[in-house]
1. Between residues in the range B:143-165 that are on the phi < 0 side of the Ramachandran plot and within 13 Å of another protein chain (Cβ to nearest Cβ) and residues that are assigned to a loop (DSSP other than H, G, I, E, B) and hydrophobic (A, V, I, L, M, F, W, C), which pairs lie under 6 Å by C-beta distance while being six or more apart or on different chains?
2. Restricting attention to the range A:84-121, and to residues there that are polar (S, T, N, Q) and open to solvent by less than 10 Å² (accessible area, probe 1.4 Å), which single residue is farthest from the other protein chains (Cβ to nearest Cβ)?
3. Give the residue, chosen from B:L202, B:L229, B:L191, B:L212, that is surrounded by 13 or more Cβ atoms within 10 Å (Cβ to Cβ), closer than 27 Å to B:L125 by Cα and either of a type in the set (K, R) or not assigned by the TED database to the domain that holds B:D113 (or both).
4. Taking the criterion of being more than 14 Å from A:L97 (Cα to Cα), of a type in the set (A, V, I, L, M, F, W, C) and either open to solvent by 60 Å² or more (accessible area, probe 1.4 Å) or within 14 Å of chain B (Cβ to nearest Cβ) (or both), would at least one residue in the range A:151-162 satisfy it?
5. Looking only at the range B:103-125, which residues are open to solvent by less than 20 Å² (accessible area, probe 1.4 Å) and closer than 26 Å to A:P67 by Cβ?
6. Starting from the range A:174-188, keep only residues that are more than 10 Å from chain B (Cβ to nearest Cβ) and under 15 Å from B:P19 (Cβ atoms), then list their pairs with residues that are of a type in the set (D, E, K, R) and open to solvent by 20 Å² or more (accessible area, probe 1.4 Å) whose Cβ atoms are within a distance under 9 Å, requiring at least 6 positions of separation or different chains.
7. Among the candidates B:E197, B:E239, which residue alone is open to solvent by 20 Å² or more (accessible area, probe 1.4 Å), within 14 Å of another protein chain (Cβ to nearest Cβ) and charged (D, E, K, R)?
Amino acid sequence: SLSPGDTSVLAGLYGPAEAKISKELPDRAALEVLLRPKVGLPGVLERSREQLLRQTCEAVVLGVLHPRTAISLVLQVLSDAGSLLSCCLNAACMALLDAGLPLSALFCGVTCALQPDGTILLDPTARQEQEARAILTFAIASSERKVLMATTKGSCSVEEMQQCLAAAQRAADTIFQFYRDSVRRRYSK
Amino acid sequence: MAAERGAAAEALVGQVVLPGDLLLLPAHYDEDAEGERLRLSAGAAPQGRLLCGPGLRRSGAGLLVTKCGLLRHRPGGGGAYWVDSQQKRYVPVQGDHVIGIVTAKAGDVFRLDVGGSEPASLSYLAFEGATKRNRPNVHVGDLIYGQFVVANKDMEPEMVCIDSSGKSSGMGIIGQDGFLFKVSLGLIRKLLAPKCEIIQELSQLYPFELVLGMNGRIWVKAKTVQQTLIIVNILEACEHMTSQQRKQALAKLSGN
């Protein structure tokens, strides 16, 4: 259960289903991501986030097992209180896991905010995001904590980015443990 | 993090595994050049082949888990490992018996919706006793119980309603009336297990006809519509009820 004001995203995964002839790929599954904001129509920001999510998911989904099919991932933002992209990444991974799609690894999203005085803050709230000098979002894979996707808003030096990355990789352990516990609870019934 | 790579396969049997986990096989499998092929040496008994079932893929030194679920192991004949996962979407597998809905007749071939990513095809000659003159009486919207003879990721799935000896053995067009509904694949596998408790308890309630398709579809027919609907509701609820709750529900119904 979430306290009011926290970021929450609802994810639904459909597939492998029949693909339109124009969209089907001959050797792998065509993955499509739709991100719907809480209010208003999807705009350019949603489109760019959809592409980031799609590229991350394509890296882990074993699409070669389902050629000429379409996999659709629909994400609906229920509430936004900061760190939205990493919340979408986590929701996407849990949807893939729950639907039983073949995956080569799991991934999670971690957001770091770099404050003006140089301290690193993980999973910032909306206010902390506004005050920060730079916001970095990483998608970390479960196999040897490799980085699948990194996106930055604002400016930071290379060393600071490396430090944020190291902090994100440590934080990823907690999230993967949460995945494991959720799956365990589901299969214990 | 490095320690997470490669846990022994036997240690994790019966536990939850997540995609990305690497399972190491016991050492005597790795002694062979490929580890999983039959040895063709004369005189020595073959070690047996390790079967890598659904949810697992061979990768380098061991097996990579691709779906989340419980790891299962069958020791007979070289051993088999697979992942028991819960899923609603069906992917056609050769040899599976499924219930299909006829959506179109295209010349000599029927198109069936089996719940997968593309429609399956069924030739009109694939019924028992069917010849070019004696065509089966199939219309659009009929239910067919058949098995897959071709089902892989590259080709359109093909179904037949006869087995290898030409007999229908229960397959073919499903009769009139009855009720078709969809459940998850895990429940179907549970119902198909030998001596399933749910089926035994239900059969003591009312007599009924039941067809289970591996694609998650169940067809039920009892004497009256009300009895049919009661059985449908119980089967749908079985996914979430424990056996205790189910026994209570059935006791209440048989008391009425």
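The values are calculated or read from the model by the stated rules, or taken from the named source; none is laboratory data. Values in this document were obtained by computation on a predicted structure and should not be read as measured data. Note: ideal-geometry Cβ built from the backbone for every residue, glycine included; neighbour counts use all protein chains shown. Surface accessibility is based on the protein's heavy atoms, side chains included, excluding ligands, DNA and RNA. Shrake-Rupley method; radii C 1.70, N 1.55, O 1.52, S 1.80 Å.
1. That search, which allows pairs on different chains as well, returns B:A151/B:V93; B:P157/B:A151.
2. From the range A:84-121, those polar (S, T, N, Q) are A:86, A:90, A:104, A:111, A:115, A:119; that's our starting set.
Checking which are open to solvent by less than 10 Å² (accessible area, probe 1.4 Å) leaves us with A:86, A:111.
Numbers: A:S86: 19, A:T111: 21 Å.
For the range A:84-121, the residue satisfying everything is A:T111.
3. None of the others qualify; the one that does is B:L212.
4. Of the residues in the range A:151-162, the ones more than 14 Å from A:L97 (Cα to Cα) are A:151-162.
Filter again for of a type in the set (A, V, I, L, M, F, W, C), leaving A:156, A:158, A:161.
Cutting the leftovers down to either open to solvent by 60 Å² or more (accessible area, probe 1.4 Å) or within 14 Å of chain B (Cβ to nearest Cβ) (or both) gives us A:158, A:161.
Yes, there is a match, as at least one residue in the range A:151-162 is more than 14 Å from A:L97 (Cα to Cα), of a type in the set (A, V, I, L, M, F, W, C) and either open to solvent by 60 Å² or more (accessible area, probe 1.4 Å) or within 14 Å of chain B (Cβ to nearest Cβ) (or both).
5. First, the residues of the range B:103-125 that are open to solvent by less than 20 Å² (accessible area, probe 1.4 Å): B:110, B:112, B:114, B:116, B:120-122, B:124.
Those that are open to solvent by less than 20 Å² (accessible area, probe 1.4 Å) and closer than 26 Å to A:P67 by Cβ: B:F110, B:L112, B:V114, B:G116, B:A120, B:S121, B:L122.
6. none
7. Numbers: B:E197 fails: within 14 Å of another protein chain (Cβ to nearest Cβ).
One residue alone meets the criteria, B:E239.
Residue-by-condition table, conditions (1) more than 20 Å from A:A92 (Cα to Cα); (2) free of Cβ contacts under 8 Å to residues at least 60 places away in the same chain; (3) charged (D, E, K, R):
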{"position": "A:D123", "(1), (2), (3)": "no, yes, yes"}
{"position": "A:E131", "(1), (2), (3)": "yes, yes, yes"}
{"position": "A:A139", "(1), (2), (3)": "no, no, no"}
{"position": "A:Q163", "(1), (2), (3)": "yes, yes, no"}
{"position": "A:A171", "(1), (2), (3)": "no, no, no"}
